[in-house]
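In what follows, a structure is listed as structure tokens, so that the remarks can point back to it.
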Amino acid sequence: MLAATVFFVLPLAALVVRTPWSDLGAQLTTAEVREALGLSLACSLAATGLSIVLGVPLAWVLARTEFPGRAVARALVLLPMVLPPVVGGVALLLAFGRRGLVGQYLDAWFGVRLPFTTWAVVLAETFVAMPFLVITVEGALRSLDRRYEEAAATLGARRWTVMRRVTLPLIGPSLVAGAALAWARALGEFGATITFAQNSPGRTQTTPLAVYVLLQTNRSAAVALSLVLLAVAVLVLAVVGSRTLTRHGAVLGAAGGGQGG
Amino acid sequence: MTRRGIALALAILVAAACTRGEGSETITVLAAASLTEVFAALATEFEASHPGTTVELGFGASSDLATQIEEGAPADVFASADEETMQRVVDADGADDPVVFARNQLAIAVERGNPLGIESLADVADPGVIVVLCAEQVPCGKLADQALVNADVSLTPASRAASVKAALATVELGEADAAIVYATDVESSDDVEGVEIPDDVNVVSLLPVATLRETNDRTGARAFVDFVTSPAGQRVLERFGFLAP
């Protein structure tokens, strides 16, 4: 048990210990670093937004409707969670690249080319992050006490009103937790981004890519950026594990219920 | 499975993992990405003439490998795509006495059939052309930037790839129209065509190889380095399109 804790704590402690604290401000304000941080923030928020817009309805369908092949559909939706990121990138390339299954038509008909663009980053991040949101929200929907919704319906509320005034507020904490997890996953995405969107400073070079590139020339900057990402990860865990959310069974109960279902 | 069965299986696995053949040695060689095909051939020939020896190859961007060596990666030999990166390792007391074993030049890799009719670096700078260069800290990236300066061409690449093979891959996959890579990479790939860069503008890089200070097998490492610089090794390099040192 102690060995397991040390195993996890040691690398993180090493990162903190080896941070160039005196230099931190200077390293984090260079043009390259600011560009990477800004791009990461914008893309990860866009990916989280897209995950919510697409993921909540998807979670609803998986939790509340019966249809043949639902188990298969669920497995497919959750696949990016276990797929090696770089494999996800290759798959995206084969689907949406210039010669891709869909990409070739996007190029021929609309002149749309995704690789090398910021949208490719958003797409890659959404691909890997959305399953986290779907599984969290789906679990919450499953473990919801339906009687609240039924009571609202018997009191005359229509389906959309029930959804808006009863269901969504009840799964609110899970939605926040799922969004936080999706955001963190999107922020940290590397393999799919570098394979599908490639490495273009200012356009597709997100923070993890910048760390990878800087490690070869400016170790201090790479470590400083790593510290920023570590701080973000800690923040997300604090949010997800917070008493408010766990009290509502947001992640653990929901995810457990979802997986058990 | 019984507990004893599991223990036995584990013991066999560990023994198999730890044991090498009697009298066999392994030489670990870290080489620049552009040396992927030629060093695989060199390793095969070396193993043939040195029975019992296995050459393990690790490829990557030279700057990437140099960082690994500086961090103490266990290897015996390092072959870099340029002298600057080798000097980094020498300065960090990682390597001794590098020796130049080949030279390489840049070329433009384009799709088979050259549909866009690219003939020069100036053509590549056209806004309609998607071109990929190596990252600035990778030798081929530095050289490409230098060649563009020589040709008085300025362009904005769509991406700066992590290694020369990654840059080449973007053209092989059809995502990029052109990539500035080494002439040897164009030769090794069946999926691309090469556009020559004129000599007065092109940049020639010198490739050094050296034994590493951290090596556990100085004689083996030395033997491999000597093989690379020997006439036999030089013939292999020539076959793959490398220029004589």
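The values are calculated or read from the model by the stated rules, or taken from the named source; none is laboratory data. All figures in this text were calculated on a predicted structure; none of them were measured in a lab. Counting neighbours? That spans all protein chains shown, and the Cβs are built from the backbone with ideal geometry, glycine included.
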Kindly check whether there is at least one residue in the range B:173-193 that is under 23 Å from B:Ala135 (Cα atoms) and aromatic (Phe, Trp, Tyr).
yes
Just to check your reading of the model, which residue among B:Val195, B:Val225, B:Val209 is assigned to a helix (DSSP H, G or I) and buried (at least 16 other Cβ atoms within 10 Å of the Cβ)?
B:Val225
Count of the range A:215-244 residues which are among the polar types (S, T, N, Q), surrounded by 17 or more Cβ atoms within 10 Å (Cβ to Cβ) and in a loop (DSSP other than H, G, I, E, B)
2
Give the range B:153-181 a look and list any residue that's closer than 17 Å to B:Asp126 by Cβ, of a type in the set (Gly, Ala, Ser) and within 17 Å of the chain's Cα centre (by Cα), or say none.
B:Ala179
How many of the residues making up the range A:194-214 are touching a residue at least 60 places away in the same chain (Cβ under 8 Å), in a loop (DSSP other than H, G, I, E, B) and at the interface with chain B (Cβ under 8 Å from one of its Cβ atoms)?
4
Sole residue being in a helix (DSSP H, G or I), at pLDDT 95 or above, under 20 Å from the mean Cα position of the chain (by Cα) and away from every other protein chain (no Cβ under 14 Å), chosen from B:Ala43, B:Ala107, B:Ala102
B:Ala43
Of all the helices (runs of 4 or more DSSP H) wholly in the range A:33-124, which have at least 1 residues that are surrounded by 17 or more Cβ atoms within 10 Å (Cβ to Cβ), within 13 Å of chain B (Cβ to nearest Cβ) and aliphatic (A, V, I, L, M)?
A:85-96
Hits in the range A:92-134 (condition: in contact with a helix residue (DSSP H, G or I) (Cβ under 6 Å, 6 or more places away or on another chain) and of a type in the set (Val, Ile, Thr))
A:Val102, A:Val112, A:Val121, A:Val122, A:Thr126, A:Val128, A:Val134
Selection from the range A:215-231 of residues that are at pLDDT 90 or above and within 11 Å of chain B (Cβ to nearest Cβ):
A:Ala222
